Every structure is written in structure tokens, then in C-alpha cells.
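Quick note: the coordinates plus some simple rules give every number you see, no bench work behind them. All values reported here derive from a predicted model rather than from experimental measurement. In this analysis, Cβ positions are derived from the backbone assuming ideal geometry, glycine residues included, and neighbour counts consider all displayed protein chains.
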Amino acid sequence: MDTAHYDMLRHFADSWGLLYMLAIFLTVVVMIMLPGARSRAMAAARIPLDDDHPAGGDRT
């Protein structure tokens, strides 16, 4: 790979990668601040503790 090609890819990754990460960050912040986020987080935290199906049991 020649230097010009590397520099072009590096510039592309620097500019668009930064925008991509900023968009992900803002999406996460908005999702956290939405109404009902606390109840969804609490429900997700309880998933491993729900014992609807005992280990080794037939789930059919």
C-alpha cells in the first residue's frame, strides 16, 4: 500500500469515524434520558434472575 492511499484512508477514518462515534454517543444519551428508561433498565437487570425455566428442564 502506497503512502498516498494510506493517508487518504487515514483521513477518511479520522473524519467520518469521529462523526460515527459522536452519533453513537448522542443516541445512547438520548435513550438514557427518555421517559421510562429506568423501568426498562430495571427489567433488563432482572433478566438473569428470572427463573421461569429451571436449568436442564425441557423448554417445549
key: Positive-end residue, the chain charge dipole about Cα centroid, Cβ charges, pick of Met33, Pro48, Tyr6   = Met33
note = Checking rank on 10-22, 40-52, with mean other Cβ inside 10 Å and highest first, the result is 10-22, 40-52
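May I ask for the equivalent-ellipsoid semi-axes of the range 3-45, computed as the square root of five times each C-alpha gyration tensor eigenvalue and listed largest first in whole Å?
So the three semi-axes of the range 3-45 are 37, 9, 4 Å.
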ask   = Pulled fully out, how much extra length does the chain show between Arg10 and Thr27, if you take 0.36 nm times their separation in residues and subtract their Cα-Cα distance?
value = 3.6 nm
ask   = Against the longest alpha carbon principal axis of the chain, how many degrees, from 0 to 90 and to the nearest 10, is the axis of helix 37-46 turned?
value = 60 degrees
query = Relative to the first principal axis of the alpha-carbon coordinates of the chain, what is the inclination of helix 3-33, with its axis defined by its Cα atoms, in degrees from 0 to 90 and to the nearest 10?
reply = 30 degrees
key: Size of electric dipole in the chain: Cβ of Lys, Arg +1 and of Asp, Glu -1, about Cα centre, debye, nearest 20   = 300 debye
